[in-house]
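Undergrad: Encoded as C-alpha cells, here's the structure I'll be asking about.
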Number of protein chains: 2
Amino acid sequence: MKEGPDISHIASLIGDPARANMLTALMVGKALTASELAQEAGITLQTASSHLSKLEKGNLLRPRKQGRHKYFSLASDEVAHTLEALMGLAANAGHLRSRPGPRNAALREARVCYNHLAGEMGTRLYESMITRQLLRLNGEEVELTTAGAGFVRDFGIDLDALKAQRSALCRQCLDWSERRSHLAGSLGRAMLVRIEELGWAKRDTKTRIVAFSPNGKVRFDELAARG
Amino acid sequence: MKEGPDISHIASLIGDPARANMLTALMVGKALTASELAQEAGITLQTASSHLSKLEKGNLLRPRKQGRHKYFSLASDEVAHTLEALMGLAANAGHLRSRPGPRNAALREARVCYNHLAGEMGTRLYESMITRQLLRLNGEEVELTTAGAGFVRDFGIDLDALKAQRSALCRQCLDWSERRSHLAGSLGRAMLVRIEELGWAKRDTKTRIVAFSPNGKVRFDELAARG
DNA sequence: CGAATGCTTCGATTATGATCGAACCATGAA
DNA sequence: TTCATGGTTCGATCATAATCGAAGCATTCG
C-alpha cells in the first residue's frame, strides 16, 4: 500500500497533457528552454514555468541555467525509459508483443545511452561480439575474450588504458527500443568514441542521435558482421 | 505532438492514487475481484467500479466474469513492465542505476513471464546456458547448440516435439527486474514445465510467483551451475 | 542606463474528476 | 421464491489543479 502513492505521483506528473508534451519533446535528448517548452506544449510561459517546477521537484527534469536562459533536460535515462514504456503501452492497445521505444527512426537506429552506443546498432555490435566469441558471458558478467582483446586493439582501442580504469570494462545494458542488451562499460564507451574518431558517425551535439554516414554504415556492418 | 495526448492519458489513468493502488495490487499476477480491489484502494465499491471501468477501457486491465464475481487482472506483461518502470522511477530519486521491478522478493527471484521462467533464476539459467555453449547467440537469434540439445534432453525435455511446434524454440526475453535477458520461446516454457514436473518448484495458482523448494533450489543451482 | 527579453510568482477563475448515497441489475444460496 | 451479495449506473457535491493576466526579478544588449 505504501507503494501506491509513489507511482501515482510520478504518473500524475506525466498525466497532464501539457507536461506530457514537454517531456516528449525532451526525449530526443536535447535540452530546451522554458520558452521553447512552453511553445511545444502550446501554453503560456507562466503556465509552463509552473509545470516545469513540478517536474523538476519530481526529479523528472534537470535544469541548467545559462544567463537568463534556463535549459531543461530529462533527469536521467531512467526517465526516458519510463516514458518509452508508456509510449509502448499507448501504442500497444491489444498487441502483446511489439516494438516500444522512440518513434524517431534515427533514435531507434543509433543513439547514446550512458555514453555508449544504443539502439539497433548497439545491440547488433554486442550480439556479433558474443556470437564470434569476442565477448563471453560469465554468469552476470560480460568478459572480453582473448580474441576479443585482439579485435578491439585492432579497432584502435587502447585496452590497457581502459583496464586501468576503475569502471567495469564490459557490462550488459538493457536496450529499451530493441529489448535486448547492448554493450556498456568503459569498452562500450570507448567503442563509441572510436567510431566517432574514425568518422563513421557523429553524435548530434543537441540530441542523443548518433548519425552514421553511409560509409560509416558500411564500415560498421563489416565490424559487426557475423563472421 | 500527436504522441503527447497518448502518454498523458495512460499516465493519468495510473496517476490517481486509488487506481494506482489497485494496479499495484494486481502486479503480483493475481486476479482480484472488484470488491477486493475496492478494499485494496480503501474506497467504496461504486467508486472502484467507476475506476475499474476506466482502466479497462484504457487497456490496462482485463476482466473475467465468474457468476456474480468479476475478476480483474493486468491486461498484459507490458502493463506490469510499465508499472515496474514507474516504480523504479519513484524509488530512484537521484540514483542513476538501481534495481527496478517488483519489491516482492519472491517475484524477483522467480516468476512466470509469458509462461517461462523470469526473475533472477530465469536470467541465471539463460546466462549459464550461454556461458557453457549450450545456447548460442546468432545475431538476434538464440540457438540451441548440439551440446545444448543433449543437455535439455538429459533434463527430460522432448526436443523433437518442441521443434515440431510453430513457435520459436529459443528467444531472448527482457527480464525487467534483472534488466537482462532470460530464456523465452517454447524451450523456455518447457523448462518451466519440467522444473515443475520434477517438483523443484511450484507455480502459485493465483500469482506469478514460482516458488522453489529448498531441494529444488539446490537442484536448480546444479542445473544452472557455471561449470 | 533604459529597454527588451526570459523566467518566476501571485491570485482569481474555471474545468475536471474523484467520491459516495441511492437505485438498479445480475447471480447464487437457502 | 426470497434474501443476500456482487457489481453498475446516476447524480450531486466538493476538492483539486490547470490556466493566464499582472507584477516582479534577473540577465542581456544597445
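The values are calculated or read from the model by the stated rules, or taken from the named source; none is laboratory data. On a predicted model such as this, the values are computed, not experimentally measured, just so you know. Glycine gets a Cβ as well: all are built from the backbone with ideal geometry, and neighbour counts include every protein chain shown. Side chains are part of the model used for accessible areas, which takes the heavy atoms of the whole protein and leaves out ligands, DNA and RNA. Shrake-Rupley method; radii C 1.70, N 1.55, O 1.52, S 1.80 Å.
Undergrad: State all residues of the stretch A:5-31 that are out of contact with any strand residue (DSSP E or B) (no Cβ under 6 Å at 6 or more places or on another chain), within 11 Å of DNA strand C (Cβ to nearest atom) and open to solvent by less than 50 Å² (accessible area, probe 1.4 Å); if no residue qualifies, say none.
TA: A:SER8, A:SER12, A:GLY15, A:ASP16
Undergrad: Working carefully through the options A:LEU144, A:LEU134, find the one that is aliphatic (A, V, I, L, M), free of Cβ contacts under 8 Å to residues at least 24 places away in the same chain, open to solvent by 10 Å² or more (accessible area, probe 1.4 Å) and over 25 Å from A:ASP204 (Cβ atoms).
TA: A:LEU134
Undergrad: Just need a number here: residues in the stretch B:108-142 that are in a strand (DSSP E or B) and farther than 14 Å from A:THR131 by Cα.
TA: Summing the residues that are in a strand (DSSP E or B) and farther than 14 Å from A:THR131 by Cα in the stretch B:108-142 gives 6.
Undergrad: Then there's this: Just to be sure before I move on: is A:LEU174 under 16 Å from A:GLU120 (Cα atoms), modelled with pLDDT of 80 or more and crowded, with 20+ Cβ neighbours inside 10 Å in the structure I sent? Steps first, answer last, please.
TA: On the way: under 16 Å from A:GLU120 (Cα atoms): yes; modelled with pLDDT of 80 or more: no; crowded, with 20+ Cβ neighbours inside 10 Å: yes.
In short, no.
Undergrad: Out of (1) within 12 Å of chain A (Cβ to nearest Cβ); (2) modelled with pLDDT of 85 or more; (3) farther than 20 Å from A:CYS173 by Cα, the odd one out for B:TYR114 is which?
TA: (2)
Undergrad: Name every residue in the stretch B:42-53 that is part of a loop (DSSP other than H, G, I, E, B) and crowded, with 22+ Cβ neighbours inside 10 Å, in order of residue number.
TA: Passing the criteria: none in range.
Undergrad: Can A:LEU23 be described as closer than 22 Å to A:CYS113 by Cα and away from DNA strand D (no atom under 14 Å from the Cβ)?
TA: No, not satisfied.
Undergrad: Only one residue in A:GLY188, A:GLY199 is buried (at least 23 other Cβ atoms within 10 Å of the Cβ) and either part of a loop (DSSP other than H, G, I, E, B) or not assigned by TED's automatic domain parsing to the domain that holds A:LEU32 (or both), so which one is that?
TA: Values: A:GLY199 fails: buried (at least 23 other Cβ atoms within 10 Å of the Cβ).
The match here is A:GLY188.
Undergrad: Would it be correct to say that A:GLU56 is of a type in the set (D, E, K, R), assigned to a helix (DSSP H, G or I) and either buried (at least 19 other Cβ atoms within 10 Å of the Cβ) or near DNA strand C (Cβ under 8 Å from one of its atoms) (or both)?
TA: no
Undergrad: Among the listed residues B:LEU55, B:LEU74, identify the single one that is on the phi < 0 side of the Ramachandran plot, modelled with pLDDT of 95 or more and within 14 Å of another protein chain (Cβ to nearest Cβ).
TA: B:LEU55
Undergrad: Could you identify the single residue in A:GLN39, A:GLN66 that is more than 12 Å from chain B (Cβ to nearest Cβ), free of Cβ contacts under 8 Å to residues at least 24 places away in the same chain, within 16 Å of DNA strand D (Cβ to nearest atom) and open to solvent by 50 Å² or more (accessible area, probe 1.4 Å)?
TA: After applying the criteria, what remains is A:GLN66.
Undergrad: If only one of A:ALA80, A:ALA38 is in a helix (DSSP H, G or I) and at pLDDT 90 or above, which one is it?
TA: On the way: A:ALA80 fails: at pLDDT 90 or above.
Exactly one residue qualifies, and that residue is A:ALA38.
Undergrad: Mind checking whether some residue in the stretch B:152-161 is small (Gly, Ala, Ser) and not in a helix (DSSP H, G or I)?
TA: There is at least one residue in the stretch B:152-161 that is small (Gly, Ala, Ser) and not in a helix (DSSP H, G or I).
Undergrad: While we're looking at this one, here's another question. Can you tell which of A:ALA164, A:ALA149 is at pLDDT 85 or above and more than 21 Å from A:VAL28 (Cβ to Cβ)?
TA: A:ALA149
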